[in-house]
Amino acid sequence: MKFVKEFVAPAAILTGICIVISAALVLTYNTTEPIIEAAKAAEADAARIEVLADADKFDKVETTVEGVVDAYKAANGAGYVITAEAKGYGGPMQVMVGIKSDGTIDSVKLMSNSETAGLGTKTGEPAYTDQYKGKDSSLNGVEAVSGATISSTAFKTNVQNAFKAYGELAGVEVSTGDTTTPEQAIFPNVENFEEITLEGAVKAMKAGDEGYLIVTEAQGYMGATTKMQVYTGIGLDGKIVGVALGENTETAGLGTQTGEAAYTDQYKGKDSTDGITAVSGATQSSDGFKKAVDQALQLAANLTASAPAEDSSAASEAPAVSGTEVELAGTEKAVSYEDGSMAITTTGAGYMGDVTVTVTIGADGKITAITVDAGNETRGVGTKTSEAAYTDTWIGLGAGETPDAVSGATVSSNAVNEAVQKAFTAFNASKGA
């Protein structure tokens with residue numbers, strides 16, 4: 001009896017108290033949970049109403065658009081509120097966008113972000129966000145925050161993705177930017193672009209009767225995951241009509257500025273990349289762009305030289321546009337032209353790896369064109385062997401002849417020489433010499 005009184009009874013009482021308290025907690029939770037959830041929903045709806053003022057409450061909807069965090073449709077049909085996330089300067093940036101039923105923006109709001117205080121965070125201030133009010137999916141007239149281009153670009157990307165989701169959800173077609181192709185931008189008056197074969201180019205087209213469009217690629221920013229593609233339009237006079245940035249993984253708002261008119265307009269009317277000023281803060285991207293244009297100019301020598309020119313003798317010496325691929329020992333690739341010239345691709349051992357060279361040798365045994373891919377060499381040193389300032393010194397040289405090496409890049413220069421001499425050996429062997 002004493003055992004029961006001293007041990008069992010207190011344990012039973014404590015157990016009973018625990019059961020009662022637990023039951024009370026469950027009851028309280030079950031009673032308050034709907035109230036808490038309703039309060040959270042009301043708070044969330046209040047935040048959404050900030051960017052879509054005519055809405056009352058919202059229903060969540062699903063979208064497949066990449067970069068969209070969530071999307072809600074206004075119950076009264078006022079429109080949609082869509083939150084998207086893109087990489088800003090300091091990390092992920094979220095933006096909430098209210099899009100009215102007529103496809104225009106009611107308001108936008110900067111949400112979670114890691115942008116630089118007082119700089120990138122200015123994208124959350126009315127001076128910037130108010131620009132979006134009333135805009136359609138084109139976002140025409142929205143200007144970046146001075147000194148915060150990357151943050152501004154991320155913000156704008158979020159709004160564009162929100163419009164993509166709106167188009168999917170509302171079942172309407174939206175345009176989130178300029179749909180003009182690089183070809184049309186460079187040659188606006190040309191309707192017919194005829195694709196042609198051009199050794200060393202990613203793609204090449206004849207632009208009606210106005211010239212040629214050549215797509216080349218080069219390594220831009222070393223942190224980019226792919227090479228940058230560049231479109232170069234070259235007139236029949238050998239001068240640049242225009243250039244455009246193609247597919248790339250350059251840093252948004254920084255390296256991608258090489259695709260903006262402030263940079264690309266410098267190339268118009270030039271026959272070389274001399275004097276082109278780099279984009280501030282994007283030297284590697286600018287160098288890569290220039291290298292790609294240099295390659296296009298070198299490749300275009302065969303194309304533009306075949307067009308009518310004042311000096312007909314020079315034109316007659318140029319190799320034909322089309323050729324036949326042949327097998328030559330010691331080469332990566334070789335193309336033979338009807339006039340006896342050949343375009344031969346070989347490699348040489350550089351400082352950081354193989355350097356690939358495509359050299360066109362005329363029937364007289366002299367170099368008429370040369371391109372160098374030294375993208376793996378030390379940037380700003382070995383990569384200079386790819387620039388016109390060096391490659392142009394090879395023009396007119398024959399077997400065994402070598403121009404001065406690039407200062408500070410002896411190994412890379414020797415790699416080019418090695419590749420060129422391989423090409424001459426193969427060329428001479430094909431002629432029975």
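The values are calculated or read from the model by the stated rules, or taken from the named source; none is laboratory data. In this text, all values refer to a predicted model and were calculated from it rather than measured experimentally. Virtual Cβ from ideal backbone geometry, glycine too; neighbours counted across all protein chains shown. Surface accessibility is based on the protein's heavy atoms, side chains included, excluding ligands, DNA and RNA. Shrake-Rupley method; radii C 1.70, N 1.55, O 1.52, S 1.80 Å.
Residue check: is residue 291 within 19 Å of residue 360 (Cβ to Cβ) and of a type in the set (Lys, Arg)?
Considered against the rule, which asks whether it is within 19 Å of residue 360 (Cβ to Cβ) and of a type in the set (Lys, Arg), residue 291 comes out as yes.
Within region 411-433, count every residue that is assigned to a helix (DSSP H, G or I), of a type outside the set (Val, Ile, Thr) and under 18 Å from residue 365 (Cβ atoms).
Count: 11.
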Could you go through region 374-391 and let me know if any residue there is more than 25 Å from residue 207 (Cα to Cα), open to solvent by 20 Å² or more (accessible area, probe 1.4 Å) and modelled with pLDDT of 90 or more.
no
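So, of the residues in region 350-369 that are of a type in the set (A, V, I, L, M, F, W, C) and more than 30 Å from the chain's Cα centre (by Cα), which turns out to be surrounded by the most Cβ atoms within 10 Å (Cβ to Cβ)? Even if it seems obvious, please write down each step before you answer.
Applying the first criterion (of a type in the set (A, V, I, L, M, F, W, C)) to region 350-369 yields 352, 355, 357, 359, 361, 363, 367, 369.
Now narrow it down to the ones that are more than 30 Å from the chain's Cα centre (by Cα): 361, 363, 367.
On the way: 361: 28, 363: 14, 367: 20.
Only one residue tops the list, namely 361.
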Checklist (1) touching a residue at least 60 places away in the same chain (Cβ under 8 Å); (2) among the β-branched types (Val, Ile, Thr); (3) open to solvent by 10 Å² or more (accessible area, probe 1.4 Å) applied to residue 97, failing item:
(3)
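Being touching a Pro at 6+ places or on another chain (Cβ under 7 Å) and either open to solvent by 10 Å² or more (accessible area, probe 1.4 Å) or under 14 Å from residue 157 (Cβ atoms) (or both) narrows it down to one of 66, 85, 62, so name that one.
Numbers: 66 fails: touching a Pro at 6+ places or on another chain (Cβ under 7 Å); 62 fails: touching a Pro at 6+ places or on another chain (Cβ under 7 Å).
None of the other options fit; the residue is 85.
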I'd like to know if region 122-130 contains one or more residues that are under 23 Å from residue 89 (Cβ atoms), under 24 Å from the mean Cα position of the chain (by Cα) and hydrophobic (A, V, I, L, M, F, W, C).
no
Of (1) exposed (fewer than 11 other Cβ atoms within 10 Å of the Cβ); (2) among the β-branched types (Val, Ile, Thr); (3) at pLDDT 85 or above, residue 51 fails just (1)
Residue 328 is checked against (1) in contact (Cβ under 8 Å) with a residue 60 or more places away in the chain; (2) under 22 Å from residue 218 (Cα atoms); (3) open to solvent by 10 Å² or more (accessible area, probe 1.4 Å) and fails just one. What number does that condition carry?
(2)
I need the full set of residues from region 398-416 which are buried (at least 18 other Cβ atoms within 10 Å of the Cβ) and more than 23 Å from residue 288 (Cβ to Cβ), in order please.
414
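Residues that are without any contact (Cβ under 8 Å) to a residue 12 or more places away in the chain and under 15 Å from residue 99 (Cα atoms): does region 179-195 have at least one? First the steps, then the outcome.
To start, the set of residues in region 179-195 that are without any contact (Cβ under 8 Å) to a residue 12 or more places away in the chain comprises 179-181, 184, 188, 195.
Filter once more, so that each one left must be under 15 Å from residue 99 (Cα atoms): none.
Looking through region 179-195, none of the residues is without any contact (Cβ under 8 Å) to a residue 12 or more places away in the chain and under 15 Å from residue 99 (Cα atoms).
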Can you find a residue in region 117-130 that is on the phi > 0 side of the Ramachandran plot, open to solvent by 30 Å² or more (accessible area, probe 1.4 Å) and in contact with a strand residue (DSSP E or B) (Cβ under 9 Å, 6 or more places away or on another chain)?
no
Flagged pairs (Cβ under 7 angstrom, 6 or more apart or on separate chains; first in region 149-162, within 16 Å of residue 83 (Cα to Cα); second among the basic types (Lys, Arg) and open to solvent by 30 Å² or more (accessible area, probe 1.4 Å)) are 154/87
Enumerate the pairs (first residue in region 401-418 and touching a residue at least 12 places away in the same chain (Cβ under 8 Å); second residue anywhere and open to solvent by 80 Å² or more (accessible area, probe 1.4 Å) and hydroxyl-bearing (Ser, Thr, Tyr)) with beta-carbon separation below 7 Å, excluding pairs fewer than 6 apart on the same chain, so at least 6 apart or on different chains.
411/351; 412/351
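Does residue 186 meet the test of being touching a Gly at 6+ places or on another chain (Cβ under 6 Å) and open to solvent by less than 50 Å² (accessible area, probe 1.4 Å)? Spell out how you get there, then give the answer.
Details: touching a Gly at 6+ places or on another chain (Cβ under 6 Å): yes; open to solvent by less than 50 Å² (accessible area, probe 1.4 Å): yes.
Judged against the criteria, residue 186 is a match.
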Among the residues of region 80-104, write down those that are farther than 13 Å from residue 45 by Cα and either of a type in the set (D, E, K, R) or over 27 Å from the mean Cα position of the chain (by Cα) (or both).
85, 87, 99, 100, 101, 102, 103, 104
Odd one out for residue 195, checked against (1) at pLDDT 85 or above; (2) under 22 Å from the mean Cα position of the chain (by Cα):
(2)
For residue 183, all conditions in the list (1) under 19 Å from residue 373 (Cβ atoms); (2) of a type in the set (Asp, Glu); (3) assigned to a helix (DSSP H, G or I) hold save one; what is the number of the exception?
(1)
Exactly one of (1) within 17 Å of residue 296 (Cβ to Cβ); (2) within 29 Å of the chain's Cα centre (by Cα) is unmet by residue 378. Its number?
(1)
